[in-house]
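Enquirer: Following this message is one structure expressed as structure tokens.
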Amino acid sequence: MAFQERLITARNPWLVRPLLNRGAIISGCMIHSTRSGTADGDDGPRTEGWWSNPLNIVQDTPPWGSYADVLIHEDGTRVICTDWDIEYATWTAGYGGAGTWAAGIYYIQIEIAQGTLLEPFTDAAIESLAEKVRALSIRYGFPIERISFLDQTGVPPRGICTHEGSANGVKTGKTDPGPMFPWERFLELARGEEAMPVEDGWAYFTDDANPQYDPLGDSVNGIRVTGGVYRREFEYWQRVLLGPQLDAIWARLTALEAVSNPT
Ligand SMILES: [Zn+2]
């Protein structure tokens with residue numbers, strides 16, 4: 001399902017810094033949870049209220065405060081807080097030890113509302129997160145794979161990391177998103193493994209850059225048809241590139257006999 005996505009209700013300008021080429025260096029997402037300390041009610045609006053509050057300011061030169069790129073409420077509503085292609089939040093996850101880079105620049109910072117460490121995340125929040133991460137992975141070309149630990153040195157690995165599993169999180173004693181985060185469910189949803197069952201014999205598309213997936217040598221309107229189970233690749237083509245050609249391609253696929261899986 002699609003969740004509501006909107007801009008933050010009030011944006012405090014000191015909570016973002018410009019970085020005009022950020023879109024070109026984004027390497028994935030970092031998952032956080034924001035906890036008020038009570039399990040009742042939705043912590044999303046509480047966090048949004050704090051981020052919008054003029055009191056969320058550390059008087060420094062320049063001033064800063066707590067913020068993130070995206071906030072997801074417990075009801076699944078997504079709140080967009082930065083224009084992450086050209087700016088970043090002043091404080092979600094920063095540096096680790098000496099010689100590290102700031103995680104908040106390379107990874108889109110996503111906060112999920114959770115009341116307490118051991119309160120389960122809502123299904124809506126996880127589904128909404130998966131929907132967003134899936135779109136971001138297509139947009140920025142990172143895999144939907146967990147980075148077990150982000151040491152914040154060298155070339156930023158591409159994928160999905162967490163605050164607790166980062167050099168900054170270790171340094172600052174973070175526990176988010178914590179033990180209740182449903183990794184298996186989240187990855188399954190983000191990869192679309194529920195949305196479209198894979199069966200042997202299903203036909204997929206690929207492009208000239210991947211001729212190894214082209215056992216049939218068949219094509220429709222210049223798009224090759226293949227028997228590989230590369231569903232993510234297929235969905236990328238389907239959503240992003242094929243658009244108006246889909247009807248012709250589906251007609252051609254319907255006419256195909258069962259095709260074999262090259263793997
Ligand atoms: Zn965090």
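Enquirer: Can you work out D for the range 1-58 in µm² s⁻¹ from Stokes-Einstein, where Rh is the Kirkwood radius over C-alpha pairs, the temperature is 10 °C and the viscosity is 1.306 mPa s?
Expert: On the way: Rh = 14.3 Å.
D = 111 µm²/s.
Enquirer: Taking 0.36 nm per residue of separation and subtracting the Cα-Cα distance, what length does fully extending residue 85 through residue 53 add?
Expert: Additional length available on full extension: 9.1 nm.
Where a number appears in this text, it was derived from the coordinates with a stated rule and is not lab data. Quick caveat: nothing in here was measured; it's all calculated off a predicted structure.
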